[in-house]
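Q: Sharing a structure with you now.
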């Protein structure tokens, strides 16, 4: 009931017709009639298309390699992170940078006033180029030479640690294979890299194996500890017709997409093949260069075609025709009723 109310509110805001509800709570598909054949083409006005926020991409044929997809975690490379420490015991007298700020190797991070009377202040500099990722001290805090004061990391190149379970897919993954990294937080363009190394044994407790991929990250879209999907290419590329995974609706065996042609949206059943990262192979149902809906496709399930505009001339003609009066009858006394 709650789901129905939400859907009804959605279509009301968009100015669309609510779908008829069949028995047992089943909503008819767009254009479907309760009796007779189902219409698969939906026509919407420009206003409705804008309200739905419809976005499309073209189905494309391009070289694709079969991938093994695993969940991954972004990590700093060991050689691209450092901890700033003090050379002498003292107190923090000045802090020159903030967490998240970019620093250069040799740049002063903070100043320490040694505990020995008459000693000059000591400037603590950054060991590497990068960004301040952690600050462990505050003004006036006592520090010792072994204490970590600040942490700096360079994420222009990162490690993505993929976690693989004990399955046959593990045997397909090899050092040197190409990888792509996908996340809804970095947009539609995956970042590229290669498998750098793999664990030599499974973890006894979790029965998992770690795969480490070296990934270029020049715009710092990937941040340390971010969760991503690591797609490892385990076959040679071949020309494959694909659409984005987010264009596909329905459940396994009954999956479909919407194809846009002007203001018309055709719902088509599709037969799917292998998955290639954020793309999915289409074996039947779509042709190359057709526009498939990737945003707003869920809402299209509940939309109905716009009513055709009435012909103004026809409407005017109808208004000009006088109403036909009923036949008057004589009551036999010379009076008409």
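Just so it is clear, none of the values below were taken in a lab; they were calculated from the coordinates. Quantities reported herein were computed from a predicted structural model and do not represent experimental measurements. Counting neighbours? That spans all protein chains shown, and the Cβs are built from the backbone with ideal geometry, glycine included.
Q: How high is the FRET efficiency from residue 83 to residue 271, r the C-beta distance, R0 56 Å, rounded to 0.05?
A: 0.55
Q: Further question: Using a basic spin-label model with each label point 7 Å from the Cα along Cα→Cβ, how many nm lie between residue 184 and residue 125?
A: Between residue 184 and residue 125, the simple spin-label model gives 4.5 nm.
Q: Determine the equivalent ellipsoid of segment 73-219 by diagonalising the alpha-carbon gyration tensor, then write out the semi-axes as square roots of 5 times the eigenvalues, largest first, rounded to whole Å.
A: Over the Cα atoms of segment 73-219, the semi-axes work out to 40, 18, 11 Å.
Q: Another question about this same structure. Fewest Cβ neighbours within 10 Å first, please rank 45, 86, 119 accordingly.
A: By the 10 Å Cβ count, ascending: 119, 45, 86.
Q: Grab the alpha carbons of segment 158-276, take their convex hull, and tell me the volume per residue in Å³.
A: 160
Q: Provide the packing ranking of 236-249, 151-164, i.e. peptides ordered by the mean count of other C-beta atoms within 10 Å per residue, highest first.
A: Going from most to least packed, we get 151-164, 236-249.
Q: Got a sec? How would 184, 235, 305 order by Cβ neighbour count within 10 Å, fewest to most? Mind dumping the intermediate values first?
A: On the way: 184 10, 235 13, 305 19.
Taking fewest neighbouring Cβ atoms as first place, the list is 184, 235, 305.
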